[in-house]
Amino acid sequence: HCKGQRCSGVQFFTKDMQRRLDARLTMEQGLLRALKREEFVLHFQPQVDLRSGAIIGLEALLRWQSPDLGLVPPMEFIPVAEETKLIVDIGKWVLEKTCATLREWQDAGVPVVRVAVNIAASQFARHDFDTTVEDALGKHGLDPGLLELELTESLSMEDPKGSIALMQRLRAIGINMAIDDFGTGYSNLSYLKRFPVDRLKIDKSFTSGLATNSEDHAIVTAVISLAHSLGLKAIAEGVETEDQLQLLRAEGCDEIQGYYFSKPLPEAAAREMLLKRPCLHC
Ligand code: C2E
Ligand code: MG
Ligand code: MG
Ligand code: MG
C-alpha cells in the first residue's frame, strides 16, 4: 500500500486502528440504543446440588437481542461496555430485571431459587452500588437471600479493604456472595480468608481439563479443599461430561453448573424448569 516507496507500516497501522475505533464506536452506540429500547435479555442457567441432585440456584446471563446482529453473547459487548462505563447502567438493568423476574415467578406460584448476577469491576466500585442493589430488592419486595452477587478475585483485589467493607454490608443484608472464575485472576490468599463470601466458583477452564489433564485435576482438588477449609462451598462451572461430574463428586465438590445438566435458558424455559423441578439423580 506504500506504492513502491519504502513502507514504514504506519499507514497500515493507522487504518487498522481507525477500523477498531469505528467498530468500538458502533458497538457503543448500539449498546446505548439497546438500553433505551430494552434489547437486552437474561438467560438463566441452573446450579445443581451434587448431594440432593436438586436445582439450588440459577445464574443470570446477559444477552443482547440486536435487530441487526441477532443474539449477541456477552463476551462480544461486555468489554466495550466496561471501557465506556456503560456497564454501570447495563448492570443496573440486569439487577432490576433479575429482581422483577423473581417477583413475577413468585407471584405465579413458581418455586423460586436464588439467582446469581455477575458484577463488573466498575459497577462494584461505585459508591452507590449497595443502594442500587437494595433498591432493586426493595422495589420488588424480595428476600435478599434470593440474590447472589458474583465478583471476580481481581475486582476484589483492586481495593481489598474497601471491597471487604462493601461485601460485609451486602452480606449483612442477607445477600449471598460468590467469587467467580476462581483461579484465573490475581488472588491474594491472605485477603481471601477475610472476604465474606459464600462460595468459590471453579473456572470452567479447569473443569474442562479435569478428566484429561492431571494439572487441572490437581487445581480443582486444591480449590475444593481450600473452599472447605475456609468454610465456603465449591461450585464447578462448565461441567459438560459424566466423567467430570464423577470426579467432582469424588473430590467432594458441592455444586455444579454446566451444559451436562442444562444450557442457559430463556426466561420461559427457566420458569418451566423450576416448575418441573428436575433432579440430577432422577
Ligand atoms: P461467567 O460468569 O463465568 O459465566 C459462565 C459462562 O460459561 C457463560 O457464558 C455460560 O453460558 C458458559 N457456560 C456454562 N456452562 C458451560 C459449559 O458446560 N460449557 C461451556 N463451554 N460454557 C458453559 P456466557 O453466558 O457467554 O457469559 C460469558 C461471561 O460474560 C460470563 O462468564 C460473565 O463474565 C460475563 N457476563 C454475563 N452476563 C453478565 C452480566 O450481566 N454482567 C456482567 N458484568 N458480566 C456478564
Ligand atoms: Mg458468573
Ligand atoms: Mg464464571
Ligand atoms: Mg468463567
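The values are calculated or read from the model by the stated rules, or taken from the named source; none is laboratory data. What you see is a predicted model, and the numbers here were worked out from it, not measured in a lab. Cβ placement follows ideal geometry from the backbone for every residue including glycine, while neighbour counts extend to all protein chains displayed. Protein only, heavy atoms only, side chains kept; ligands, DNA and RNA dropped before computing areas. Shrake-Rupley method; radii C 1.70, N 1.55, O 1.52, S 1.80 Å.
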### Query
What residue, of 100, 108, 116, is under 21 Å from the mean Cα position of the chain (by Cα), modelled with pLDDT of 95 or more, open to solvent by 20 Å² or more (accessible area, probe 1.4 Å) and closer than 21 Å to residue 270 by Cα?
100
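Could you list, in sequence order, the residues of segment 124-141 that are assigned to a helix (DSSP H, G or I) and more than 16 Å from ligand 3 (Cβ to nearest atom)? Give the derivation first.
As a first pass, look at segment 124-141 and keep what is assigned to a helix (DSSP H, G or I): 124, 129-139.
Scanning segment 124-141 gives 129, 130, 131, 132, 133, 134, 135, 136, 137, 138, 139.
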### Task
Of the conditions (1) touching a helix residue (DSSP H, G or I) at 6+ places or on another chain (Cβ under 7 Å); (2) more than 16 Å from ligand 3 (Cβ to nearest atom), residue 238 clears all except one; give me its number.
(2)
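Only one residue in 240, 215 is more than 18 Å from residue 152 (Cα to Cα), within 12 Å of ligand 1 (Cβ to nearest atom) and not β-branched (Val, Ile, Thr), so which one is that? Please lay out each step first, then the result.
Numbers: 215 fails: within 12 Å of ligand 1 (Cβ to nearest atom).
240 is the lone residue from the list that is more than 18 Å from residue 152 (Cα to Cα), within 12 Å of ligand 1 (Cβ to nearest atom) and not β-branched (Val, Ile, Thr).
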### Query
Would you call residue 278 more than 12 Å from ligand 1 (Cβ to nearest atom), open to solvent by 10 Å² or more (accessible area, probe 1.4 Å) and without any contact (Cβ under 8 Å) to a residue 60 or more places away in the chain?
no
### Query
If you go through segment 65-80 one residue at a time, do you hit one that is away from ligand 3 (no atom under 16 Å from the Cβ), of a type in the set (S, T, N, Q) and in contact with a strand residue (DSSP E or B) (Cβ under 7 Å, 6 or more places away or on another chain)?
yes
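Each row is one residue, and each column tells you yes or no for (1) crowded, with 21+ Cβ neighbours inside 10 Å; (2) in a loop (DSSP other than H, G, I, E, B); (3) within 15 Å of ligand 4 (Cβ to nearest atom).
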position	(1), (2), (3)
171	no, no, no
179	yes, no, yes
184	no, yes, yes
191	no, no, no
200	yes, no, yes
208	no, no, yes
212	no, yes, no
215	no, no, no
219	no, no, yes
## Note on the structure
Pairs returned, first residue in segment 220-248 that is more than 21 Å from residue 262 (Cα to Cα) and of a type in the set (Val, Ile, Thr), second residue that is open to solvent by 20 Å² or more (accessible area, probe 1.4 Å) and part of a helix (DSSP H, G or I), beta-carbon separation under 7 angstrom, 6 or more apart or interchain, are 220/206
### Query
List, please: which pairs have Cβ atoms under 6 Å, are six or more places apart or on different chains, and start with a residue in segment 62-78 that is open to solvent by less than 20 Å² (accessible area, probe 1.4 Å) and end with one that is of a type outside the set (A, V, I, L, M, F, W, C) and in a strand (DSSP E or B)?
72/66
### Task
Quick one: which residue in 92, 161 is at pLDDT 95 or above, in a helix (DSSP H, G or I), more than 16 Å from ligand 2 (Cβ to nearest atom) and open to solvent by 30 Å² or more (accessible area, probe 1.4 Å)?
92
